[in-house]
Amino acid sequence: MTQEEGDLDGLVRKRIRALRVAQGWSLEELAGRTNLSQSSLSRIENGQRRLALDQLVLLARALDTTLDQLVETADDDVVISPTVDAARGLMRWPVKSDPGMTVVRQRMTEPPPENPARMRAHPGREWLVVLSGTAILMLGHRRFRVEANQAAEFPTMMPHAIGADGGPCEILGIFDRDARRGHQRQDPDGDPTP
């Protein structure tokens, strides 16, 4: 076994134990969820038993994670640079761990439309964090003020719009796969915008 394989092996074992402990489960409880014996699980966590792919699949499923997440290693490119769309005032970062997610930073100066007929509605969920200023989030006929350092999460099937309140604001918008697709269908450039 190479040094790199040994490091990954130890990392996977630590993740298994950490996920089990985070769930508040004993070895006995995890054994019941995986059909592995308690002693086998103990030996897996302590490095006294070889890691087998079939066992890792069972453990990942029981621990509510994926096999990929259980065995992933840190990439060299931890820092991600954004792409900039200066004409629209957008910065976008790809989310490597979930290609369906999109993160967009946008500076807004105009208030949102308050007429629900001019708002977007599509499948998905969105999250926004106000970095500076104050944003107004319109959800149907409801109006929410979101101040700097506050966040909002909402289903995008509700007609929604986001804009500035009394001056510029800067937001970070996070779109799940469905919300991103909904914005791409409505935006002729194919870029998600809050």
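The values are calculated or read from the model by the stated rules, or taken from the named source; none is laboratory data. Since the model is a prediction, treat every value here as computed from it, not as a measurement. Methodologically, a virtual Cβ is constructed for each residue, glycine included, from the backbone with ideal geometry; neighbour enumeration extends over all protein chains shown.
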- Query: Is there a residue being surrounded by 15 or more Cβ atoms within 10 Å (Cβ to Cβ), in contact with a Lys or Arg (Cβ under 9 Å, 6 or more places away or on another chain) and at pLDDT 85 or above anywhere in the range 110-121?
  - Reply: yes
- Note on the structure: Sole miss for Pro99 among (1) of a type outside the set (D, E, K, R); (2) at pLDDT 85 or above; (3) outside any strand (DSSP E or B); (4) outside the structural domain of Trp25 (by TED's automatic domain parsing) is condition (2)
- Item | In the range 33-72, the residues that are loosely packed, with under 14 Cβ neighbours inside 10 Å and farther than 17 Å from Ala18 by Cα | Asn35, Ser37, Ser39, Gln48, Arg50, Ala52, Leu53, Asp54
- Task: Find the residue count for the range 122-156, including only residues that are farther than 21 Å from Glu170 by Cβ and either among the aromatic types (Phe, Trp, Tyr) or at pLDDT 90 or above (or both).
- Result: 1
- Check whether at least one residue in the range 177-194 is of a type in the set (S, T, N, Q) and modelled with pLDDT of 85 or more, and report yes or no. no
